[in-house]
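Presented below is the structure to which this report refers.
The values are calculated or read from the model by the stated rules, or taken from the named source; none is laboratory data. Keep in mind that what you see is a predicted model, and the values were worked out from it rather than measured. When we count neighbours, we look across all protein chains shown, and the Cβ atoms used for this are built from the backbone with ideal geometry, even at glycine. Quick note on the areas: whole protein, heavy atoms, side chains included, nothing else; ligands and nucleic acids left out. Shrake-Rupley method; radii C 1.70, N 1.55, O 1.52, S 1.80 Å.
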Amino acid sequence: MRKSITLPQDVQFVLDRLEQSGYEGFIVGGCVRDALLDKTPSDWDVTTNALPEALCEIFSDLPTITIGKQHGTVAVVLHGHPIEITTYRIEGDYHDHRHPSSVSFTTSLREDLARRDFTINAMAYHPKTGLIDCFGGIADLLHGKIRTVGDPTKRFQEDGLRILRGLRFAGQLSFSIMPETKAAMRSQCSLLRHISPERIQAEFCKLLCSPGCSDVLRENSHVIFSLFPELHPMEHFLQNTPYHCFDVWEHTLHAIAQTPPDLTLRFTMLLHDSGKPAVYIEDEQGVGHFPGHAKYSTAIAEQITARLRMDNKTSQRICLLVRHHDLVLQPEEKWIKRQLNRFGQEVFFQLLAVHRSDTLAQSARCQPRLQTILDCAAIAREILAQQQCFQLRDLAVNGKDLLALGIPPGPELGQLLNQLLAAVIDGAVPNEKEPLLALIRKKWN
């Protein structure tokens, strides 16, 4: 871990200007945490004892953004990038478990740091003063701990979103959550219903794409199920099949761990088997089966993505992948061309990625499928590299050619084009204009 922080020139300029004007200035919060961990901060936030009116005067020669001025924040724009400067403040009661009812300014940096969520986010730094750590943040960074500043129950009652933020930090940093903080997360998770779906979505998606996601979901399943009660039946639900070595929830977590940190793919793996408990049956030998579970999982995916108000494109893609996650793969050129035509190149390769993650989370009996997945991917790449025809736009004839033969416009014209495409995919005719026109004359006559 780094002991000193090298500040960007613009941030150092802000601190110097504050100091020259007779005020204190420190970088604070997440940028301190990330810099100490040798990560590049996405934003640099500054805190100061200068009041907002003084900040406007100090930086009057520069572009400023004063939308947050009433809450103590003025952003100074340097080289096109805003740097937020916030006056030391104390927050009043949180009546809605999200926003303080009032904000008052203070001259104490410690009081400002005391209002923050977690110790690792409650540190300040100045190149001359060094690190200001009033609540053990540096020790928690060194030992990989997530702990609230002060009483965790009070912190979460102030702002329920902090529960998800804590999980997200644990996932992103691969840190463990201190027992008292974890217990408060569990007991206070009902507060999350006061948080807007958009904020829930933002934090949960960051958690889902984090390196430690599966461990965090496993260790804090009570919180996750309070958000998504549709997933609760998966926990401890035995599959009783030789194809699986985990219950449904554990299989899901292992599948997520095998998935690249792509939101669409990880959300798909979270939901792909969510419908299994609803359709479970056993045969005479006691072997479990889940007929039609993809359909039920898709319905759950539609509910959850709608509740989180995810954008239509992402939601539809997740639901499509869930619906077809158990598509039986066939490493044959004709079959793959049909799938490329049906789904498109991007979705087809995403489906292969879903199959890979799913297979890696199943029993040893299923692992030979990995070669089938590799074969399908190799054949698809060869089809694309050779620019083989698998969609109408690649066909050597088009609607104008059929109209020239006297075929009237309408649905039948489109059907004939699709028949030609199917014939090309099946290898019954080359993708050349004259053979295709000869075939269409025969069909039309």
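In the range 4-32, of all residues being out of contact with any strand residue (DSSP E or B) (no Cβ under 6 Å at 6 or more places or on another chain) and hydroxyl-bearing (Ser, Thr, Tyr), the one that is most open to solvent (accessible area, probe 1.4 Å) corresponds to THR6. Small (Gly, Ala, Ser), assigned to a loop (DSSP other than H, G, I, E, B), in contact with a strand residue (DSSP E or B) (Cβ under 9 Å, 6 or more places away or on another chain) and at negative phi: is that true of ALA35 in this structure? When the stated conditions are applied, ALA35 does not pass them.
One residue stands out in the range 87-116 among those that are among the polar types (S, T, N, Q) and over 25 Å from ILE132 (Cα atoms): the one that is modelled with the lowest pLDDT, namely SER101.
Among the residues of the range 33-48, those that are touching a residue at least 60 places away in the same chain (Cβ under 8 Å), buried (at least 19 other Cβ atoms within 10 Å of the Cβ) and over 20 Å from ILE90 (Cβ atoms) comprise ARG33, ALA35, LEU36.
Only residues that are buried (at least 21 other Cβ atoms within 10 Å of the Cβ) and more than 18 Å from SER174 (Cβ to Cβ) were counted across the range 205-222, and they come to 0.
The criterion of at least 3 residues that are open to solvent by less than 10 Å² (accessible area, probe 1.4 Å), modelled with pLDDT of 95 or more and not charged (D, E, K, R) is met by the following helices (runs of 4 or more DSSP H) wholly inside the range 117-188: 161-173, 179-187. Residues in the range 389-413 that are under 25 Å from GLN345 (Cβ atoms) and open to solvent by 30 Å² or more (accessible area, probe 1.4 Å): GLN391, LEU392, ARG393, ASP394, ALA396, ASN398. The set of residues in the range 238-261 being more than 18 Å from VAL216 (Cβ to Cβ), assigned to a loop (DSSP other than H, G, I, E, B) and either touching a residue at least 60 places away in the same chain (Cβ under 8 Å) or open to solvent by less than 50 Å² (accessible area, probe 1.4 Å) (or both) consists of GLN239, THR241, PRO242, TYR243, HIS244, CYS245, ASP247.
Do we find that ARG317 is among the basic types (Lys, Arg) and open to solvent by less than 90 Å² (accessible area, probe 1.4 Å) in this structure? It is true that ARG317 is among the basic types (Lys, Arg) and open to solvent by less than 90 Å² (accessible area, probe 1.4 Å).
Could you tell me whether any residue of the range 371-389 is modelled with pLDDT of 95 or more, closer than 29 Å to ALA257 by Cα and in contact with a His (Cβ under 8 Å, 6 or more places away or on another chain)? Taking every residue of the range 371-389 in turn, at least one turns out to be modelled with pLDDT of 95 or more, closer than 29 Å to ALA257 by Cα and in contact with a His (Cβ under 8 Å, 6 or more places away or on another chain). Is it true that GLN303 is open to solvent by 30 Å² or more (accessible area, probe 1.4 Å) and either over 22 Å from LEU360 (Cβ atoms) or touching a His at 6+ places or on another chain (Cβ under 7 Å) (or both)? The answer is yes for GLN303. For the range 267-282, filtered to residues that are over 17 Å from ARG218 (Cα atoms) and of a type in the set (Gly, Ala, Ser), the residue that is surrounded by the most Cβ atoms within 10 Å (Cβ to Cβ) is GLY275.
Residues of the range 421-430 that are surrounded by fewer than 18 Cβ atoms within 10 Å (Cβ to Cβ) and either β-branched (Val, Ile, Thr) or closer than 11 Å to ALA396 by Cα (or both): VAL429, PRO430.
Residues considered: GLN362, GLN367, GLN350. Of these, the only one that is surrounded by fewer than 16 Cβ atoms within 10 Å (Cβ to Cβ), within 21 Å of ALA257 (Cβ to Cβ) and not hydrophobic (A, V, I, L, M, F, W, C) is GLN367.
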